[in-house]
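Chemist: Sending over a structure as structure tokens; questions will come in a sec.
Read-outs: derived from the displayed coordinates by stated rules, not from any lab. It should be emphasised that the depicted structure is a prediction, and the values quoted were computed from it without experimental measurement. A quick note on method: Cβ atoms are made from the backbone with ideal geometry, for glycine too, and the neighbour counts reach across all protein chains shown.
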Amino acid sequence: MERDVSDKVLSDVHVFTPHETLPDTDESVNTVTRFNFSLPPDVKRELSPGISSEKNTSNPDDDGELLFDEDGDVVVTRKPVTENKLVITIEHMMETKLDDVGLQVWQGCLLLCDFVLHLHTKFKASRVVDLGAGVGLTSIVAGLFAESVLVTDVGEMILRTSESNIALNKPLLGEDCSFLVKELNWLKFCGPKDSYSDARSSRFQMTEDDHTLLDGVSLILAAEVIYDPDLTDAFFSTVKQLMSRPPAKTLYMTLEKRLVFTLADLDVVSPAYEHFQEKMEELLALSLDGVTFHCCQVPCDFPQYFTYDRHKHLELWQITSSLSD
Ligand SMILES: C[S@@+](CC[C@H](N)C(=O)[O-])C[C@H]1O[C@@H](n2cnc3c(N)ncnc32)[C@H](O)[C@@H]1O
């Protein structure tokens, strides 16, 4: 995350990816980016027939223009750019305060999207939860394959934005995956069926059925959620509780190791990353009522489908839980 003088942060994704300002909007989510990506060769036939069989009639090098309806809303069509290239359209904000970083898209999100595409057979017909989903890009990519995606984050604005991005890309997604956007606040997560949502009066509050859905997921995604020590503690506590209940679950998370020079250390350090490593070690050492955790870093040598700088400080980690009867 790049800090500027007004204490706002701006994701590299938005610095280097072309984007447009939405016309005539007084909403704070006022920018739109079209994320072009290619599909792995074996994926085309996996997606719904409307996507895979439709022939492109335009110039294959043309990424297409942003289309608006008569109300000025962005319109997404089902048409692929070429036979193996798709576009996901995401509305988001440019630079934000740290509290609102979920309204931007981060590089680790694109790395996780690549990994989902790479591992698409594992995601096929699976039940997935996305923790700290932000504006919903990883959830949307997972939804190309999964049976259901529970899209979670904290705060009405982020939840509303991810909900509307999912609706915007519905023509691309088809009807095969069900999406549910709900508030899951790691700082208040106390286990199954406890009330931990601030969204008490809204449609984003977790219901008992949503808790059942959450318990039943087999795959957990989390992109770029390591940047603040208190949030990292709360995130790991949430993961520990979620993964201690059957079915056995696998979590894939991405992060960017951000280096800072501190006067205290007189050196370049990465406090958020060091804290992450400590939490990983704690999790590995745990044995809770027959539950053990396994963690490993996944090599990022799989193909790149999205356009971004996959540099050495972008990391992908896997955590699995084993539950003895
Ligand atoms: C850096 S953003 C990453 C967003 C998105 N996953 C991406 O990579 O583009 C971190 C995300 O964690 C979410 N978050 C922060 N505190 C949280 C909490 N207490 N509970 C749940 N999510 C939280 C933020 O709202 C934000 O969406």
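Chemist: Roughly how many debye, to the nearest 20, is the charge dipole of segment 204-325 about its Cα centre, given +1 on each Lys and Arg Cβ, -1 on each Asp and Glu Cβ, and no other charges?
Modeler: In total the dipole reaches around 340 debye.
Chemist: Something else now. Quick check on packing: order 291-299, 181-189 by the mean number of other C-beta atoms within 10 Å, highest mean leading.
Modeler: Ranked by mean Cβ neighbours within 10 Å, highest first: 181-189, 291-299.
Chemist: Right, another one. Beyond 29 Å between alpha-carbons counts as too far, so tell me which of Lys8/Lys279; Lys8/Lys240; Lys182/Lys249; Lys85/Lys240 fall in that bin.
Modeler: Lys8/Lys240; Lys85/Lys240
Chemist: Still on this structure: Determine the gain in length on full extension of the stretch Ala167-Lys44; use 0.36 nm per residue of separation and subtract their C-alpha separation, reporting nm with one decimal.
Modeler: Full extension from Ala167 to Lys44 adds 42.1 nm.
Chemist: For a quick check: sort Leu172, Leu144, Leu284 by the number of other beta carbons within 10 angstrom, fewest at the front.
Modeler: Leu284, Leu172, Leu144
Chemist: Within a 10 angstrom radius of the beta carbon, how do His118, His14 rank from fewest other beta carbons to most?
Modeler: Ranked by crowding around the Cβ, least crowded first: His118, His14.
Chemist: Among 251-259, 107-115, how do they line up from the highest to the lowest mean number of other beta-carbon atoms within 10 Å? Numbers along the way, then the final one.
Modeler: Details: 251-259: 20.6, 107-115: 26.0.
Top to bottom by mean Cβ count within 10 Å: 107-115, 251-259.
Chemist: Using Cβ contacts closer than 10 Å as the measure, can you line up Asp289, Asp267, Asp12 from fewest to most?
Modeler: Asp289, Asp267, Asp12
Chemist: Could you tell me the distance between the Cα centroids of segment 202-243 and segment 99-142, to the nearest Å?
Modeler: Using only Cα atoms to place each centre, the spacing works out to 14 Å.
Chemist: Please report, in debye to the nearest 20, how large the charge dipole of segment 97-323 is about its Cα centre when each Lys and Arg carries +1 at its beta carbon and each Asp and Glu carries -1 there.
Modeler: 520 debye
Chemist: Can you list, largest first and rounded to whole Å, the semi-axes you get for segment 97-323 by taking the square root of 5 times each eigenvalue of its Cα gyration tensor?
Modeler: 25, 21, 19
Chemist: Which of Thr232, Met206, Pro271 sits closest to the plus end of the dipole of segment 97-323, meaning its Cα is farthest towards the positive end, when Lys and Arg get +1 and Asp and Glu get -1 on the C-beta?
Modeler: Met206
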